[in-house]
Amino acid sequence: MDGMSVVDLSRAQFALTIMFHYLYPPLTIGLGLIMVVMEAFYLKTRDHHYEQMARFWTRIFAVTFAMGVATGIVMEFQFGTNWSVYSRFVGDVFGSALAAEGIFAFFLESGFLAIVVFGWDRVSPKVHFFSTLMVSLGSIFSAVWIVVANSWQQTPAGHHIVQGPSGMRAEIVDFWAMVFNPSSVQRLTHTLTGAFILGAFFVMSISAFYILRRRHLVFARRSFTIALIMGFIVSVSQLLLGHAHAVQVAATQPAKMAAFEGLFTSSEGGTRLSLFGIPDEKNNVLHMDIGIPKMLSFLVHFDFNKPVPGLDKFAPEDRPPVTIPFISYHMMIGLGMFFIGITTLGVFLLWRGKLFETRWLMWIFVLAVAGPYIANQAGWVSAEVGRQPWIVYGLLRTKDAASPSIDAWEVWVSIIMFTTIYLMLFAVWIFVLNDKIQHGPDEPTNTKPPRTTGGGLLDAAAALESHDVSLTDAKDQPAPAKG
């Protein structure tokens, strides 16, 4: 560690801050969508259990949103302190994207959040639902512009390079070409779906905890049902969206795909799909390799015999690291398959009316919330480390992007300081979160049974929920008096 350069330390600092920050925005994006669904149920049925659900998850959303704002500010400062050359190079591009994020997304989300949190008894249900919808859209739009900016780093487009007084810089010549660069759509859909998966598993985790403790049972079963159906849909969708993103990576960043698959050497015919292995970058070999022959060629090219290039096709100075991208990429895919499996099982048991009495599965759902967190972080790590040695792919190398005037000891001090502050913030978030979970939802103002009026997914969820709740709620009632 003593021999780490300023660039290495700055990269470690940025990874620390962004990975900590990334604990919160995906959760608010996922929770926002679930809150919209719950309030839609309330508007359709006027069953105040759904209002109770929306109120509870809104409190969780508000706490998480505040943490996301607090931790996100730090990242902005690092562009100027640690990465001044990079900031100068991308300033014109990032300036427009981040300005759009602030104007069209953050203000929308934060502006309506006050109504969502404090307006339950002050505005009509329709106005409150509209506000919740705007908050959810604001969180999604925020992700749109952040992902656009990051995608431009991966696949730059819509710009030209000019010589400024302080060095080279990229200037936008086609704003929409910059926005719809070759990877932005695939990366955005993949990122948002990962956030929706996290939101669903987060709700299922807390709801399963209540079910196991036999607390707030109606609330917990209905919350779990909505989240389960959403989790199943987005998990299956992620399989397709993730594949589309991988095809895009193979086309626009082939060296990154080679690192993902541990392809040190190009094959003559079809390229195997790696399922497991231990990369050895010193000897350029993948030990204990387990894979499916020719399958990667089929998945990328839809041709079993068309090879996918290995790292030997690229100059040594242009090759990314292999070990970290390989492990994080395969971890993400493995967890994605787990999400599909467990939500499929959950939907099947829900339909059979046995889900909430299957305690071992409820315990898995309590703990499974860690999976989407790990998968989201692993996806970010594989994408960013796999882009190396470029900070802007093909245009600016990471080693040339750091601030020339910063010293290693200054970065060390800031890393220690940020780590301490972030651990304290995380402890506060866990404390507040635990307090709200232990308190649980407030009692609904009435218990009018739900009615359905024809609404596609909402009615399908209501049918499944009412089918299972009717079977299990009866067990919570006292036995009728005899005689």
Relative to the longest principal axis of the C-alpha atoms of the chain, give the angle of the C-alpha long axis of helix 217-252, reported between 0 and 90° and rounded to the nearest 10°. 20
Say each of L299 and M417 gets a label point 7 Å from the Cα, pointing the same way as Cα to Cβ; how far apart are those two points in nm? 4.4
At 7 Å along the Cα-to-beta-carbon direction for both A315 and K399, put a label point, then send me their distance in nm to one decimal. 1.2
Charged-residue dipole, Cβ positions (Lys, Arg, Asp, Glu), the chain about Cα centre, Debye nearest 20: 1420
Along the Cα-to-Cβ line of L212, 7 Å from the Cα, sits a label point; which residues in region 328-370 have backbone N less than 13 Å from it? 358-370
Treating only Lys and Arg (+1) and Asp and Glu (-1) as charged, each at its beta carbon, one finds that region 120-221 has a dipole about its Cα centre, in Debye to the nearest 20, of 740
Counting only helical runs of four or more DSSP H residues, what would the 222 nm mean residue ellipticity of the chain come to if each run contributes -39,500 (n - 2.57) and the total is spread over all its residues? -23000 deg cm²/dmol
Please work out the Cα center distance from region 160-187 to region 407-431, rounded to the nearest Å. 33
Please give the FRET efficiency for N434 paired with I374, using the beta carbon to beta carbon distance and R0 = 22 Å, rounded to the nearest 0.05. 0.60
Counting other Cβ atoms within 10 Å, which trypsin sites (Lys or Arg not before Pro) in region 78-176 have at most 16 and lie in a DSSP loop? R122
Given R₀ = 60 Å, FRET efficiency for V162-L345 by Cβ-Cβ distance, to 0.05? 0.60
Out of G194, W409, V322 - ranked by how far each Cα lies towards the positive end of the dipole of the chain, with unit charges on the beta-carbon of charged residues - the top one is G194
For region 8-85, with the dipole built from +1 on Lys and Arg beta-carbon atoms and -1 on Asp and Glu ones, taken about the Cα centre, which of G68, F79, T28 lies farthest toward the positive end? T28
Could you work out the relative contact order of the chain? I mean the mean sequence separation of Cα pairs under 8 Å and 6+ apart, divided by the number of residues, in percent. 21
Mind scanning K354/K436; K282/K313; K44/K354; K256/K294; K44/K436 and naming the pairs with a C-alpha gap bigger than 23 Å? K354/K436; K44/K354; K44/K436
Part-to-part distance (alpha-carbon centres) for region 336-392 and region 36-113, which is given in Å: 23
Peptides ranked, highest mean first, by Cβ atoms within 10 Å: ranges 16-29, 278-291: 16-29, 278-291
Taking Cα atoms, the helix 370-387 axis meets the longest principal axis of the chain at an angle in degrees (rounded to 10) of 20
For region 161-247, the charge dipole (Cβ of Lys, Arg +1; Cβ of Asp, Glu -1; about the Cα centre) points to a positive end, and the Cα of V234, V162, S184 closest to that extreme belongs to V234
With 0.36 nm assigned to each residue of separation and the Cα-Cα distance removed, V285 to W409 gains 41.0 nm
Computed about the Cα centre, the charge dipole of region 177-295 from +1 Lys/Arg and -1 Asp/Glu charges at the Cβ has a magnitude in debye, to the nearest 20, of 840
Let me have the relative contact order for region 1-117, percent, based on Cα pairs under 8 Å that are six or more residues apart. 29
Students often check this: by mean Cβ neighbours within 10 Å, which of 160-168, 144-152 ranks highest, and how do the rest follow? 144-152, 160-168
Rounded FRET efficiency, nearest 0.05, which uses the C-beta distance separating S237 from T358 and R0 of 22 Å: 0.30
Using the basic label-point model (7 angstrom from Cα toward the beta carbon), what is the D121 to D8 distance in nanometres? 5.9
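Read the figures in this text as sums done on the coordinates, not as results from a lab. Keep in mind it's a predicted model, so treat the numbers as computed, not measured. Virtual Cβ from ideal backbone geometry, glycine too; neighbours counted across all protein chains shown.
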